[in-house]
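Okay, structure first, notes after.
The values are calculated or read from the model by the stated rules, or taken from the named source; none is laboratory data. None of these values were measured; they are calculated from a predicted model. Cβ sites come from the backbone with ideal geometry, for glycine too, and all protein chains shown count toward neighbours. Heads up: the accessible areas ignore ligands, DNA and RNA and are worked out on the full protein's heavy atoms, side chains in. Shrake-Rupley method; radii C 1.70, N 1.55, O 1.52, S 1.80 Å.
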Amino acid sequence: MSASLSDLTLEETQAALLRRDASPTEVAAGYLAAIERWEPTTGAFVTVSAERLLAGAKRAEDEIMRGSPGRLAAIGVSVKDNIDVAGLPTTAGSSWFVERAAADAESWRRLASAGALHVGKANMHEFAYGATNVNPKARTTVNPWDPRCVSGGSSGGSAVSVAIGACGASLGTDTGGSVRIPAALTGVTGFKPSLGLVPTTKVFPLSPSCDTVGVFSRTAAGCARVLQGLLAEGAPADGGTGQGDPHRRRSLRELRLGVVRSHLAAASPEVYEVVHRALKIIEGLGAAVDWVDLHHEEEARAVTGAVVGFEAAQVHRRWIRDRPGGYGDDVRARLEAGSAVSASRYRAAKQERRRLAAEMVADQCLFDAVIGPAVPVTAPKVAECGPERAPEVQAVLLANTYCFNVTGQPAISVPCGTASGGLPVGLQMAAGPGKDRDLLAMAMALQAATDWHERRPPLREPVA
(Lines give C-alpha, C1' and ligand atoms only; values in the text may rest on other atoms or scores of the structure.)
Protein backbone atom coordinates (compact mmCIF):
# COMPACT_ATOMS: atom_id res chain seq x y z
CA MET A 1 0.00 0.00 0.00
CA SER A 2 2.91 2.38 0.68
CA ALA A 3 3.88 2.73 -3.00
CA SER A 4 0.39 3.70 -4.13
CA LEU A 5 -0.03 6.14 -1.24
CA SER A 6 2.76 8.31 -2.66
CA ASP A 7 0.66 8.85 -5.80
CA LEU A 8 -2.23 10.41 -3.85
CA THR A 9 -2.93 14.10 -3.54
CA LEU A 10 -2.83 15.72 -0.12
CA GLU A 11 -6.62 15.71 0.16
CA GLU A 12 -6.85 12.07 -0.99
CA THR A 13 -4.31 11.13 1.67
CA GLN A 14 -6.33 12.93 4.32
CA ALA A 15 -9.48 11.13 3.22
CA ALA A 16 -7.69 7.77 3.39
CA LEU A 17 -6.49 8.57 6.91
CA LEU A 18 -9.96 9.57 8.09
CA ARG A 19 -11.49 6.39 6.62
CA ARG A 20 -8.73 4.38 8.32
CA ASP A 21 -7.80 2.98 4.90
CA ALA A 22 -4.23 3.98 5.70
CA SER A 23 -2.35 4.73 8.89
CA PRO A 24 0.04 7.65 9.40
CA THR A 25 2.92 5.18 9.56
CA GLU A 26 1.94 3.73 6.18
CA VAL A 27 1.71 7.23 4.71
CA ALA A 28 5.16 8.08 6.08
CA ALA A 29 6.54 4.82 4.68
CA GLY A 30 5.10 5.78 1.29
CA TYR A 31 6.97 9.08 1.36
CA LEU A 32 10.22 7.35 2.28
CA ALA A 33 9.71 4.72 -0.43
CA ALA A 34 9.31 7.50 -3.01
CA ILE A 35 12.54 9.11 -1.82
CA GLU A 36 14.33 5.78 -2.10
CA ARG A 37 13.05 5.33 -5.68
CA TRP A 38 14.00 8.79 -6.91
CA GLU A 39 16.94 9.94 -4.80
CA PRO A 40 19.73 10.78 -5.04
CA THR A 41 19.34 11.21 -8.81
CA THR A 42 16.84 14.06 -8.71
CA GLY A 43 18.68 15.96 -5.98
CA ALA A 44 15.43 17.10 -4.38
CA PHE A 45 16.65 16.87 -0.79
CA VAL A 46 19.55 18.29 1.18
CA THR A 47 18.58 16.18 4.20
CA VAL A 48 15.88 13.56 4.81
CA SER A 49 14.46 13.36 8.34
CA ALA A 50 13.32 9.74 8.32
CA GLU A 51 13.47 9.18 12.09
CA ARG A 52 11.67 12.45 12.80
CA LEU A 53 9.02 11.61 10.20
CA LEU A 54 8.32 8.12 11.57
CA ALA A 55 8.22 9.34 15.17
CA GLY A 56 5.76 12.06 14.15
CA ALA A 57 3.63 9.48 12.33
CA LYS A 58 3.38 7.44 15.54
CA ARG A 59 2.21 10.52 17.46
CA ALA A 60 -0.32 11.25 14.70
CA GLU A 61 -1.73 7.72 15.05
CA ASP A 62 -2.33 8.36 18.74
CA GLU A 63 -4.00 11.72 17.99
CA ILE A 64 -6.27 10.16 15.37
CA MET A 65 -7.20 7.35 17.76
CA ARG A 66 -8.11 9.97 20.39
CA GLY A 67 -10.21 11.84 17.82
CA SER A 68 -8.10 15.00 18.07
CA PRO A 69 -6.04 15.21 14.86
CA GLY A 70 -4.75 18.55 13.63
CA ARG A 71 -5.80 20.17 10.36
CA LEU A 72 -2.77 18.62 8.59
CA ALA A 73 -2.33 15.52 10.74
CA ALA A 74 0.14 13.02 9.27
CA ILE A 75 0.69 15.01 6.06
CA GLY A 76 4.36 15.06 5.15
CA VAL A 77 5.82 18.44 4.22
CA SER A 78 9.27 19.19 2.89
CA VAL A 79 10.79 22.58 3.71
CA LYS A 80 13.04 24.63 1.45
CA ASP A 81 16.50 24.85 2.96
CA ASN A 82 16.34 28.59 3.60
CA ILE A 83 13.45 28.08 6.06
CA ASP A 84 14.54 27.14 9.58
CA VAL A 85 13.47 23.87 11.20
CA ALA A 86 14.60 23.64 14.81
CA GLY A 87 17.55 21.32 15.37
CA LEU A 88 18.42 21.01 11.68
CA PRO A 89 21.07 22.83 9.65
CA THR A 90 20.02 25.54 7.22
CA THR A 91 22.38 25.86 4.24
CA ALA A 92 20.33 28.07 1.87
CA GLY A 93 21.72 26.00 -0.99
CA SER A 94 25.30 26.97 -0.18
CA SER A 95 28.37 24.74 -0.06
CA TRP A 96 29.84 26.66 2.89
CA PHE A 97 27.06 28.43 4.80
CA VAL A 98 25.58 26.28 7.60
CA GLU A 99 23.54 27.46 10.59
CA ARG A 100 21.86 25.02 12.94
CA ALA A 101 18.41 26.40 13.61
CA ALA A 102 17.60 27.05 17.25
CA ALA A 103 13.88 27.54 16.55
CA ASP A 104 11.36 26.94 13.80
CA ALA A 105 10.55 29.54 11.19
CA GLU A 106 7.07 30.86 11.95
CA SER A 107 5.69 29.37 8.73
CA TRP A 108 6.89 25.86 9.59
CA ARG A 109 5.88 26.26 13.26
CA ARG A 110 2.30 26.89 12.20
CA LEU A 111 2.19 23.84 9.95
CA ALA A 112 3.76 21.64 12.61
CA SER A 113 1.18 22.92 15.09
CA ALA A 114 -1.51 21.84 12.61
CA GLY A 115 -0.09 18.30 12.62
CA ALA A 116 2.16 18.39 9.53
CA LEU A 117 5.19 16.09 9.62
CA HIS A 118 8.66 17.17 8.53
CA VAL A 119 10.02 15.00 5.71
CA GLY A 120 13.27 16.82 4.95
CA LYS A 121 15.00 19.99 3.81
CA ALA A 122 14.53 20.63 0.10
CA ASN A 123 17.35 21.64 -2.21
CA MET A 124 17.40 25.10 -3.79
CA HIS A 125 19.28 27.46 -6.07
CA GLU A 126 22.25 28.90 -4.18
CA PHE A 127 20.96 31.52 -1.71
CA ALA A 128 17.64 31.54 -3.65
CA TYR A 129 19.23 33.81 -6.28
CA GLY A 130 18.42 31.94 -9.48
CA ALA A 131 15.62 30.31 -11.42
CA THR A 132 17.17 27.01 -12.59
CA ASN A 133 18.34 25.17 -9.42
CA VAL A 134 21.58 24.50 -11.28
CA ASN A 135 23.94 24.75 -8.33
CA PRO A 136 27.56 23.93 -9.25
CA LYS A 137 28.90 24.78 -5.79
CA ALA A 138 26.56 22.42 -3.93
CA ARG A 139 24.06 20.21 -5.73
CA THR A 140 21.78 20.59 -8.73
CA THR A 141 18.14 19.50 -8.67
CA VAL A 142 16.98 17.92 -11.93
CA ASN A 143 13.54 17.42 -13.43
CA PRO A 144 11.90 14.03 -12.75
CA TRP A 145 10.13 14.20 -16.14
CA ASP A 146 13.54 14.30 -17.85
CA PRO A 147 16.65 14.33 -15.65
CA ARG A 148 18.59 16.04 -18.42
CA CYS A 149 16.44 19.11 -17.76
CA VAL A 150 16.34 21.63 -14.93
CA SER A 151 13.69 21.60 -12.25
CA GLY A 152 13.42 25.36 -12.22
CA GLY A 153 14.09 27.37 -9.11
CA SER A 154 14.90 28.69 -6.77
CA SER A 155 12.54 26.31 -4.91
CA GLY A 156 13.30 23.41 -7.25
CA GLY A 157 13.77 20.77 -4.58
CA SER A 158 10.41 21.63 -3.08
CA ALA A 159 8.64 21.21 -6.43
CA VAL A 160 10.40 17.94 -7.20
CA SER A 161 9.71 16.50 -3.74
CA VAL A 162 5.99 16.94 -4.42
CA ALA A 163 6.22 15.69 -8.01
CA ILE A 164 7.86 12.40 -6.97
CA GLY A 165 5.41 11.78 -4.10
CA ALA A 166 7.93 12.29 -1.31
CA CYS A 167 5.52 14.56 0.57
CA GLY A 168 2.00 15.93 0.38
CA ALA A 169 3.15 19.54 0.25
CA SER A 170 6.23 21.70 0.48
CA LEU A 171 7.13 25.16 1.70
CA GLY A 172 9.17 27.31 -0.68
CA THR A 173 9.93 30.98 -1.17
CA ASP A 174 9.09 33.24 -4.10
CA THR A 175 10.78 36.59 -4.75
CA GLY A 176 10.44 36.71 -8.54
CA GLY A 177 8.77 33.43 -9.42
CA SER A 178 10.66 30.85 -7.38
CA VAL A 179 7.54 28.84 -6.50
CA ARG A 180 5.62 29.15 -9.76
CA ILE A 181 8.55 28.49 -12.12
CA PRO A 182 9.55 25.06 -10.74
CA ALA A 183 5.87 24.16 -10.26
CA ALA A 184 5.25 24.81 -13.95
CA LEU A 185 8.34 22.93 -15.12
CA THR A 186 7.71 19.84 -12.95
CA GLY A 187 3.92 19.52 -13.31
CA VAL A 188 2.74 20.40 -9.81
CA THR A 189 0.72 23.27 -8.36
CA GLY A 190 2.64 26.19 -6.87
CA PHE A 191 0.97 29.06 -5.00
CA LYS A 192 2.50 32.44 -4.11
CA PRO A 193 0.32 34.22 -1.53
CA SER A 194 -0.18 37.96 -1.37
CA LEU A 195 2.96 39.77 -0.25
CA GLY A 196 3.10 39.86 3.55
CA LEU A 197 0.31 37.32 4.16
CA VAL A 198 2.64 34.59 5.46
CA PRO A 199 5.41 35.62 7.88
CA THR A 200 9.02 35.29 6.75
CA THR A 201 10.45 35.12 10.27
CA LYS A 202 13.58 32.91 10.37
CA VAL A 203 13.69 32.57 6.59
CA PHE A 204 17.15 33.32 5.20
CA PRO A 205 16.48 36.40 3.06
CA LEU A 206 17.12 37.13 -0.57
CA SER A 207 15.26 40.44 -0.65
CA PRO A 208 13.45 41.14 2.63
CA SER A 209 10.92 43.56 1.10
CA CYS A 210 9.98 41.15 -1.70
CA ASP A 211 10.36 37.63 -0.25
CA THR A 212 7.19 35.55 0.09
CA VAL A 213 6.73 32.09 1.60
CA GLY A 214 4.72 29.93 -0.82
CA VAL A 215 3.26 26.46 -1.07
CA PHE A 216 3.56 23.46 -3.40
CA SER A 217 1.13 20.58 -3.60
CA ARG A 218 -0.24 18.45 -6.39
CA THR A 219 -3.47 20.44 -6.42
CA ALA A 220 -4.86 23.86 -5.59
CA ALA A 221 -7.03 22.14 -2.96
CA GLY A 222 -3.86 20.89 -1.28
CA CYS A 223 -2.36 24.39 -1.38
CA ALA A 224 -5.57 25.80 0.11
CA ARG A 225 -5.42 23.38 3.04
CA VAL A 226 -1.81 24.26 3.72
CA LEU A 227 -2.61 27.97 3.51
CA GLN A 228 -5.25 27.48 6.20
CA GLY A 229 -2.52 26.08 8.41
CA LEU A 230 -0.24 29.01 7.61
CA LEU A 231 -2.76 31.69 8.49
CA ALA A 232 -2.45 33.15 11.96
CA GLU A 233 -5.03 32.01 14.46
CA GLY A 234 -8.20 34.01 13.98
CA ALA A 235 -7.21 35.41 10.58
CA PRO A 236 -9.96 35.60 7.94
CA ALA A 237 -9.99 32.53 5.69
CA ASP A 238 -9.16 34.66 2.64
CA GLY A 239 -6.09 36.21 4.18
CA GLY A 240 -7.55 39.55 5.10
CA THR A 241 -10.57 40.54 3.02
CA GLY A 242 -13.19 38.59 4.91
CA GLN A 243 -14.47 37.24 1.58
CA GLY A 244 -13.64 34.12 -0.35
CA ASP A 245 -14.45 30.57 0.64
CA PRO A 246 -12.06 28.18 -1.14
CA HIS A 247 -14.91 25.65 -1.46
CA ARG A 248 -17.49 28.17 -2.58
CA ARG A 249 -16.86 28.22 -6.34
CA ARG A 250 -17.95 25.04 -8.10
CA SER A 251 -17.32 26.10 -11.70
CA LEU A 252 -15.70 28.75 -13.87
CA ARG A 253 -19.03 30.09 -15.11
CA GLU A 254 -19.36 33.87 -15.16
CA LEU A 255 -15.69 34.38 -14.34
CA ARG A 256 -13.98 37.16 -16.27
CA LEU A 257 -10.45 36.09 -17.15
CA GLY A 258 -7.88 38.27 -18.90
CA VAL A 259 -5.16 36.59 -20.96
CA VAL A 260 -1.94 38.59 -20.60
CA ARG A 261 -1.23 39.32 -24.25
CA SER A 262 2.53 39.76 -23.91
CA HIS A 263 2.94 36.51 -21.96
CA LEU A 264 1.19 34.36 -24.52
CA ALA A 265 2.84 36.13 -27.46
CA ALA A 266 6.32 35.40 -26.09
CA ALA A 267 5.68 31.70 -25.50
CA SER A 268 7.59 29.09 -27.45
CA PRO A 269 5.49 27.34 -30.13
CA GLU A 270 4.99 24.21 -28.04
CA VAL A 271 4.03 26.14 -24.88
CA TYR A 272 1.74 28.39 -26.93
CA GLU A 273 -0.05 25.33 -28.32
CA VAL A 274 -0.60 23.76 -24.89
CA VAL A 275 -1.78 26.99 -23.25
CA HIS A 276 -3.99 27.95 -26.20
CA ARG A 277 -5.67 24.54 -25.99
CA ALA A 278 -6.17 25.01 -22.24
CA LEU A 279 -7.72 28.45 -22.80
CA LYS A 280 -10.25 26.95 -25.20
CA ILE A 281 -11.18 24.39 -22.54
CA ILE A 282 -11.55 27.17 -19.96
CA GLU A 283 -13.87 29.07 -22.33
CA GLY A 284 -15.85 25.88 -22.83
CA LEU A 285 -16.27 25.64 -19.05
CA GLY A 286 -18.13 28.95 -19.05
CA ALA A 287 -15.49 31.60 -18.34
CA ALA A 288 -15.46 34.83 -20.36
CA VAL A 289 -11.93 35.19 -21.74
CA ASP A 290 -10.47 38.38 -23.22
CA TRP A 291 -7.10 40.05 -23.68
CA VAL A 292 -5.42 42.23 -21.07
CA ASP A 293 -2.29 44.35 -21.41
CA LEU A 294 -0.07 45.03 -18.41
CA HIS A 295 1.47 48.42 -19.07
CA HIS A 296 4.99 49.25 -17.87
CA GLU A 297 5.73 45.57 -17.17
CA GLU A 298 9.34 45.74 -18.36
CA GLU A 299 9.95 48.96 -16.46
CA ALA A 300 8.43 47.44 -13.33
CA ARG A 301 10.68 44.38 -13.61
CA ALA A 302 13.73 46.63 -13.94
CA VAL A 303 13.02 48.78 -10.89
CA THR A 304 12.12 45.73 -8.78
CA GLY A 305 15.30 44.05 -9.98
CA ALA A 306 17.21 47.03 -8.60
CA VAL A 307 15.43 46.66 -5.25
CA VAL A 308 16.13 42.93 -5.07
CA GLY A 309 19.74 43.37 -6.20
CA PHE A 310 20.48 46.07 -3.62
CA GLU A 311 18.88 44.15 -0.75
CA ALA A 312 20.58 40.87 -1.69
CA ALA A 313 23.95 42.62 -1.88
CA GLN A 314 23.38 44.07 1.61
CA VAL A 315 22.62 40.59 2.99
CA HIS A 316 25.85 39.22 1.46
CA ARG A 317 28.08 42.32 1.62
CA ARG A 318 30.65 40.85 4.01
CA TRP A 319 30.78 37.40 2.41
CA ILE A 320 30.95 38.63 -1.19
CA ARG A 321 33.91 40.79 -0.15
CA ASP A 322 35.74 38.14 1.91
CA ARG A 323 34.99 34.94 -0.01
CA PRO A 324 33.74 35.69 -3.54
CA GLY A 325 35.03 32.33 -4.76
CA GLY A 326 32.54 30.57 -2.49
CA TYR A 327 29.67 31.57 -4.76
CA GLY A 328 28.65 30.09 -8.08
CA ASP A 329 29.48 32.30 -11.06
CA ASP A 330 25.84 33.24 -11.71
CA VAL A 331 25.04 34.18 -8.11
CA ARG A 332 28.30 36.07 -7.66
CA ALA A 333 27.60 38.10 -10.81
CA ARG A 334 24.11 39.02 -9.55
CA LEU A 335 25.43 40.03 -6.14
CA GLU A 336 28.19 42.14 -7.69
CA ALA A 337 25.60 43.85 -9.90
CA GLY A 338 23.49 44.53 -6.82
CA SER A 339 26.50 46.02 -5.06
CA ALA A 340 26.66 48.63 -7.82
CA VAL A 341 23.12 49.88 -7.03
CA SER A 342 23.44 53.08 -4.98
CA ALA A 343 21.34 53.81 -1.91
CA SER A 344 19.70 56.73 -3.70
CA ARG A 345 18.85 54.52 -6.69
CA TYR A 346 17.40 51.94 -4.30
CA ARG A 347 15.16 54.49 -2.58
CA ALA A 348 13.97 55.85 -5.92
CA ALA A 349 13.32 52.32 -7.22
CA LYS A 350 11.15 51.48 -4.21
CA GLN A 351 9.01 54.55 -4.80
CA GLU A 352 8.77 53.85 -8.53
CA ARG A 353 7.85 50.25 -7.83
CA ARG A 354 4.85 51.34 -5.77
CA ARG A 355 3.60 53.60 -8.56
CA LEU A 356 4.06 50.99 -11.29
CA ALA A 357 2.46 48.25 -9.15
CA ALA A 358 -0.66 50.38 -8.69
CA GLU A 359 -0.90 50.97 -12.43
CA MET A 360 -0.47 47.28 -13.23
CA VAL A 361 -3.18 46.31 -10.75
CA ALA A 362 -5.46 48.95 -12.29
CA ASP A 363 -4.91 47.35 -15.71
CA GLN A 364 -6.60 44.21 -14.36
CA CYS A 365 -9.67 45.85 -12.83
CA LEU A 366 -12.13 44.41 -15.36
CA PHE A 367 -11.18 40.82 -14.58
CA ASP A 368 -11.57 38.34 -11.73
CA ALA A 369 -8.11 37.01 -12.59
CA VAL A 370 -5.49 37.28 -15.30
CA ILE A 371 -3.97 34.17 -16.86
CA GLY A 372 -1.29 32.96 -19.26
CA PRO A 373 1.71 30.65 -19.42
CA ALA A 374 3.60 30.60 -16.13
CA VAL A 375 6.86 30.09 -18.02
CA PRO A 376 7.23 30.76 -21.76
CA VAL A 377 9.32 27.62 -22.38
CA THR A 378 9.48 24.05 -21.15
CA ALA A 379 12.33 23.05 -18.85
CA PRO A 380 15.73 23.87 -20.41
CA LYS A 381 18.52 21.32 -20.45
CA VAL A 382 20.95 21.49 -17.53
CA ALA A 383 23.79 21.59 -20.04
CA GLU A 384 22.31 24.78 -21.53
CA CYS A 385 22.39 26.65 -18.22
CA GLY A 386 26.11 27.22 -17.77
CA PRO A 387 27.57 30.57 -16.65
CA GLU A 388 27.74 32.00 -20.16
CA ARG A 389 24.00 31.52 -20.73
CA ALA A 390 22.80 32.03 -17.15
CA PRO A 391 21.58 35.63 -17.64
CA GLU A 392 19.64 34.70 -20.79
CA VAL A 393 18.00 31.64 -19.23
CA GLN A 394 17.21 33.55 -16.04
CA ALA A 395 15.46 36.30 -18.00
CA VAL A 396 13.34 33.82 -19.95
CA LEU A 397 12.25 31.83 -16.90
CA LEU A 398 11.30 34.96 -14.92
CA ALA A 399 9.58 36.71 -17.84
CA ASN A 400 5.97 36.01 -16.81
CA THR A 401 6.15 35.62 -13.05
CA TYR A 402 8.10 38.67 -11.89
CA CYS A 403 5.29 41.14 -12.55
CA PHE A 404 3.13 39.64 -9.80
CA ASN A 405 5.98 40.01 -7.32
CA VAL A 406 6.09 43.68 -8.30
CA THR A 407 2.39 44.07 -7.47
CA GLY A 408 2.33 41.66 -4.50
CA GLN A 409 -0.69 39.84 -5.95
CA PRO A 410 -1.44 36.20 -5.17
CA ALA A 411 -0.51 34.00 -8.13
CA ILE A 412 -0.61 30.29 -8.83
CA SER A 413 0.78 27.92 -11.45
CA VAL A 414 -1.36 24.88 -12.22
CA PRO A 415 -0.53 22.08 -14.69
CA CYS A 416 -2.29 22.56 -18.04
CA GLY A 417 -0.85 19.75 -20.14
CA THR A 418 2.40 18.48 -21.58
CA ALA A 419 4.32 19.59 -24.63
CA SER A 420 5.25 17.32 -27.51
CA GLY A 421 8.46 16.27 -25.78
CA GLY A 422 6.55 15.13 -22.70
CA LEU A 423 7.55 18.04 -20.43
CA PRO A 424 4.88 19.79 -18.31
CA VAL A 425 3.48 23.26 -19.01
CA GLY A 426 2.00 25.48 -16.31
CA LEU A 427 -0.88 27.95 -16.51
CA GLN A 428 -0.44 31.01 -14.29
CA MET A 429 -3.45 32.70 -12.69
CA ALA A 430 -3.28 35.89 -10.61
CA ALA A 431 -6.03 37.71 -8.71
CA GLY A 432 -6.17 41.07 -6.96
CA PRO A 433 -4.07 41.72 -3.84
CA GLY A 434 -5.63 39.96 -0.85
CA LYS A 435 -7.81 37.71 -3.03
CA ASP A 436 -5.82 34.59 -2.17
CA ARG A 437 -8.79 32.37 -1.35
CA ASP A 438 -10.73 33.53 -4.40
CA LEU A 439 -7.76 32.65 -6.59
CA LEU A 440 -7.41 29.21 -5.01
CA ALA A 441 -11.15 28.64 -5.51
CA MET A 442 -10.80 29.41 -9.23
CA ALA A 443 -7.85 27.05 -9.56
CA MET A 444 -9.75 24.34 -7.68
CA ALA A 445 -12.73 24.73 -10.00
CA LEU A 446 -10.46 24.37 -13.02
CA GLN A 447 -8.82 21.25 -11.61
CA ALA A 448 -12.20 19.76 -10.72
CA ALA A 449 -13.09 19.90 -14.43
CA THR A 450 -9.73 18.76 -15.87
CA ASP A 451 -7.18 16.03 -15.23
CA TRP A 452 -3.86 17.71 -16.03
CA HIS A 453 -2.84 17.62 -12.35
CA GLU A 454 -3.27 13.83 -12.24
CA ARG A 455 -0.29 13.14 -14.49
CA ARG A 456 2.86 11.80 -12.83
CA PRO A 457 6.47 11.72 -14.02
CA PRO A 458 7.56 8.34 -15.41
CA LEU A 459 9.94 6.43 -13.21
CA ARG A 460 12.97 5.35 -15.17
CA GLU A 461 14.96 2.24 -14.20
CA PRO A 462 17.41 3.49 -13.23
CA VAL A 463 16.57 7.19 -13.14
CA ALA A 464 19.35 8.77 -15.18
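Per-residue Karplus couplings for the range 273-285, computed as 6.51 cos²θ - 1.76 cosθ + 1.60 with θ equal to phi - 60°, are listed in order as 4, 5, 5, 4, 5, 5, 5, 5, 5, 4, 4, x, 8 Hz, Gly and Pro entered as x. Computed about its Cα centre, the charge dipole of the range 26-72 is approximately 160 debye, with only Lys, Arg, Asp and Glu carrying charge at their Cβ. Per residue, the Cα convex hull of the range 1-127 amounts to 101 Å³. With θ taken as phi - 60° and the Karplus curve 6.51 cos²θ - 1.76 cosθ + 1.60 applied, the whole-hertz 3J(HN,Hα) list for the range 117-124 is 10, 6, 8, x, 8, 8, 5, 7 Hz, x standing for glycine and proline.
By the equivalent-ellipsoid construction on the alpha carbon gyration tensor, the range 310-373 comes out with semi-axes of 34, 16, 7 Å, ordered largest to smallest.
On the beta carbon distance between residue 295 and residue 86, with R0 = 35 Å, the FRET formula returns roughly 0.15. Between residue 354 and residue 322, the C-beta separation translates, for a Förster distance of 35 Å, into a calculated FRET efficiency of about 0.50. For a straight C-alpha distance cut-off of 20 angstrom, the lysines reachable from residue 137 (same-chain residues fewer than eight places away being disregarded) are 80, 121, 381. Annotation for the range 365-405: GluC sites (Glu not before Pro) lying in DSSP loop with at most 16 further Cβ atoms inside 10 Å of their Cβ are 388.
Our coupling estimate for the range 63-72, obtained by passing each phi through the Karplus curve with A = 6.51, B = -1.76, C = 1.60 and θ = phi - 60°, is 5, 5, 5, 7, x, 10, x, x, 4, 10 Hz, Gly and Pro reported as x.
Assign one of three labels to the chain, namely rounded, prolate or oblate, based on the Cα gyration tensor with a ≥ b ≥ c the square roots of its eigenvalues; rounded applies when a/c is under 1.5, prolate when it is not and a/b is larger than b/c, and oblate otherwise. Verdict is rounded for the chain. Ignoring ligands, DNA and RNA, what percent of the 1.4 Å accessible area of the chain is carbon and sulfur? After summing per-atom areas, the C and S share lands at 52 percent.
Taking amide H as placed 1.01 Å from N in the peptide plane, the amide H of residue 177 sits under 5 Å from none that are at least 5 places away or on another chain. Rolling a 1.4 angstrom probe over the protein heavy atoms with all chains in place gives the chain an accessible area of 37 Å² per residue. What shape does the range 311-459 have by the C-alpha gyration tensor, where a ≥ b ≥ c are the square roots of the eigenvalues, rounded means a/c under 1.5, and otherwise prolate means a/b greater than b/c and oblate the rest? Oblate, because a/c is 1.5 or more while a/b does not exceed b/c.
Modelled label positions at residue 18 and residue 388, each set 7 Å beyond Cα in the direction of Cβ, lie 5.7 nm from each other.
Taking the charge dipole of the chain about its Cα centre, with +1 at Lys and Arg Cβ atoms and -1 at Asp and Glu Cβ atoms, the residue from 168, 182, 348 reaching farthest to the positive side is 348.
I want to make sure I understand the PRE zone here: with the label point 7 angstrom from the Cα of residue 337 toward its beta carbon, which residues in the range 387-404 have backbone N atoms less than 17 Å away? Under cut-off, by backbone N: 387-403.
Note on residue 209 and residue 395: with the Förster distance fixed at 25 Å, the Cβ-Cβ geometry gives a FRET efficiency of about 0.70.
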